[in-house]
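Chemist: Sharing a structure, written as structure tokens. Questions coming.
The values are calculated or read from the model by the stated rules, or taken from the named source; none is laboratory data. Being a predicted model, the structure only gives us computed values, none of them experimental. Heads up, the Cβs are rebuilt from the backbone with ideal geometry, glycines too, and the neighbour counts pull from every protein chain shown.
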Amino acid sequence: MKPIIRIRNGVTRHPAWRMAEPINMEILEGEQVAIVGDNAAGKSRLVEVLTGHYPLLMNEVEYDFSPSPMRLVSENLKYISFRDSYGDNDGNYCYQLRWNQHEISEDTPTVGALLEEAFEHAEQSMGQGLDPEQRRLSSQRRKTLREKLYGMFHLETLLEKYIVTLSSGELRKFQLTKALVGGPRMLIIDNPFIGLDAQTRDQLRDLLESLIRETDLLVILVLSKTDDLPSFITHVLPIDGLCLGPKITRKEYISSRAPLPHPILPPERREWILGLPEREYGEQSFYPQKGGEILKFCNVSIRFGQRTILKDLNWTVHEGQRWALTGENGSGKSTLLSLVCADNPQAYACHIELFGHKRGSGESIWEIKKHIGYVSPEMHRAYQKDLPAIDIVASGLNDSVGLYTRPKPSQRETCQQWMEVFGIAGLRDRTFLKLSSGEQRLCLLARAFVKDPELLILDEPLHGLDNRHRALVKEVIDTFAQRNHKTIVMVTHYQSELPKCIDHSLFLVKNV
């Protein structure tokens, strides 16, 4: 079998982008590959080399995309990364723009417009060098694929939506469709299944397997969560410590995996969390009374344009409860959490009570946020401050995006302690944008915990973490939940991700 992609003794030109050893690898026709490794192992760095973003000193990456009629590497090789999904590739993204739709301009693209643009670009690219009959057949294949993708992902209901208003899961569906509609020869997907509900994950596996079977598509998956390894994967490229290991078969990789130790959270870190002093409330009006109502939604309905996201929702969360918030992609989970975290102005038009106070009754947003710790995929994508990691953690003390108030020495020590808890103390002086995506997520998790909040809102907190760190974060959540006055709401699409402390659940159904 011929090599589709090959690297021989590859060393990047810029020293900062280099692996620990020269890269030697090849992927043959008919192979479907997973690149696996822990957070910061070097997976993204290898992909940047494969896609040509990190040029090599000599021996450039060799590609052979035949029989594809497309000439350019950029047309044959598509890479989907969800690290900056709302960012440069799909228009200017503003974190608040999802909720402040009156600020959306006529220039803000819709899902339908962007997909049509991608389809037309593919039509033009594929038409070059083909005779009329070949162009007709090629165009028909792409139209059939487009219809199949639209139907599988139910995109008809999304076409009129602005790109910045998509939920995390809806955005993944859009990006996959946009990449696949052009019929690339090779598709590289970074953690393709995170943020997708169970049904969509199954559909995506089936779609990729179908495309592999019916076309000459070569798929490379970049995986941190290795129990997501689909059956169509034939080979694995393991990476550890910026070293690319030899390519092995899927069967060899599965048999070589060792079970995780238990517990992962060191006993001294667990005792430190349990020994944290309880907050002194004094005369403050926002505090969790024993068994009292933390959140109360009374017939809450939220609409964005013509689309109803939440309809007549009634939900009460009492102090000390730990809730799992689940549901289909686009069912309103992130919207609901934006109402809780005082990020959505529609909260003022609804009957919503936080810590016993009705929203819009003169309360301070910052007084509310003082008692809430929060992390989400949207926050992760929007966080573009290249500050030292410890300053990112410290920004959680005052709910700022950057660090606007210099922390006291005792507060800085607390930040250091929480970084120890999440295993990232050694990264304290590294700047945020130089960290791997998994390291960034751990940094933002430490930021959510640092002020010891009474209400912890965790929207897909294990998103992009490797198996060991996923288990560690679950242990941290379980330990934190053992303390007094701690209430937790957690969003996940994986039942296995839920910590043991979860004792209540709310399932949201998508409004059609």
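Chemist: With the condition kept exactly as written, say whether any residue in the range 395-406 is loosely packed, with under 15 Cβ neighbours inside 10 Å and within 26 Å of residue 266 (Cβ to Cβ).
Modeler: No, the conditions are met nowhere in the range 395-406.
Chemist: Looking only at the range 113-138, filter to residues that are not polar (S, T, N, Q) and not in a helix (DSSP H, G or I); which one of those is modelled with the highest pLDDT?
Modeler: By that ranking, first place goes to 131.
Chemist: Right, residue 32: among the polar types (S, T, N, Q) and either modelled with pLDDT of 80 or more or more than 23 Å from residue 377 (Cβ to Cβ) (or both) or not?
Modeler: Here the answer is yes, as residue 32 does meet what is asked.
Chemist: Among the residues of the range 465-482, are any under 24 Å from residue 397 (Cα atoms), surrounded by fewer than 20 Cβ atoms within 10 Å (Cβ to Cβ) and basic (Lys, Arg)?
Modeler: no
Chemist: Answer yes or no: is there a residue in the range 150-160 that is at pLDDT below 80, under 17 Å from residue 111 (Cα atoms) and either among the hydrophobic types (A, V, I, L, M, F, W, C) or surrounded by fewer than 17 Cβ atoms within 10 Å (Cβ to Cβ) (or both).
Modeler: Within the range 150-160, one or more residues are at pLDDT below 80, under 17 Å from residue 111 (Cα atoms) and either among the hydrophobic types (A, V, I, L, M, F, W, C) or surrounded by fewer than 17 Cβ atoms within 10 Å (Cβ to Cβ) (or both).
Chemist: Right, another one. Look through 164, 181, 219 and report the one residue that is surrounded by 20 or more Cβ atoms within 10 Å (Cβ to Cβ), touching a residue at least 12 places away in the same chain (Cβ under 8 Å) and in contact with a strand residue (DSSP E or B) (Cβ under 7 Å, 6 or more places away or on another chain).
Modeler: None of the others qualify; the one that does is 219.
Chemist: Just to check your reading of the model, which residue among 59, 92 is assigned to a loop (DSSP other than H, G, I, E, B), at pLDDT below 90 and in contact with a strand residue (DSSP E or B) (Cβ under 7 Å, 6 or more places away or on another chain)?
Modeler: 59
Chemist: Which ones in the range 324-346 are under 23 Å from residue 500 (Cα atoms), crowded, with 19+ Cβ neighbours inside 10 Å and not basic (Lys, Arg)?
Modeler: 324, 325, 326, 328, 334, 337
Chemist: Filter the range 139-148 down to residues that are buried (at least 17 other Cβ atoms within 10 Å of the Cβ) and modelled with pLDDT under 80 and give me whichever is farthest from the chain's Cα centre (by Cα).
Modeler: Filtering the range 139-148 for residues that are buried (at least 17 other Cβ atoms within 10 Å of the Cβ) and modelled with pLDDT under 80, the one farthest from the chain's Cα centre (by Cα) comes out as 142.
Chemist: Quick check: anything in the range 421-433 at pLDDT 95 or above, touching a strand residue (DSSP E or B) at 6+ places or on another chain (Cβ under 6 Å) and assigned by TED's automatic domain parsing to the domain that holds residue 324?
Modeler: no
Chemist: Return yes or no: is residue 54 assigned by TED's automatic domain parsing to the domain that holds residue 222, modelled with pLDDT under 95 and closer than 26 Å to residue 142 by Cα?
Modeler: So residue 54 does not fit the description; no.
Chemist: Determine if the range 294-309 includes at least one residue that is at pLDDT 90 or above and part of a loop (DSSP other than H, G, I, E, B).
Modeler: Within the range 294-309, not a single residue is at pLDDT 90 or above and part of a loop (DSSP other than H, G, I, E, B).
Chemist: What are the pairs with Cβ atoms under 9 angstrom where one residue, in the range 496-512, is free of Cβ contacts under 8 Å to residues at least 40 places away in the same chain and the other, located anywhere, is assigned to a strand (DSSP E or B)? Sequence gap at least six, or different chains.
Modeler: From the range 496-512, the pairs are 497/490.
Chemist: OK, next. On the given criteria, is residue 263 free of Cβ contacts under 8 Å to residues at least 40 places away in the same chain, farther than 30 Å from residue 348 by Cβ and not in a helix (DSSP H, G or I)?
Modeler: Considered against the rule, which asks whether it is free of Cβ contacts under 8 Å to residues at least 40 places away in the same chain, farther than 30 Å from residue 348 by Cβ and not in a helix (DSSP H, G or I), residue 263 comes out as no.
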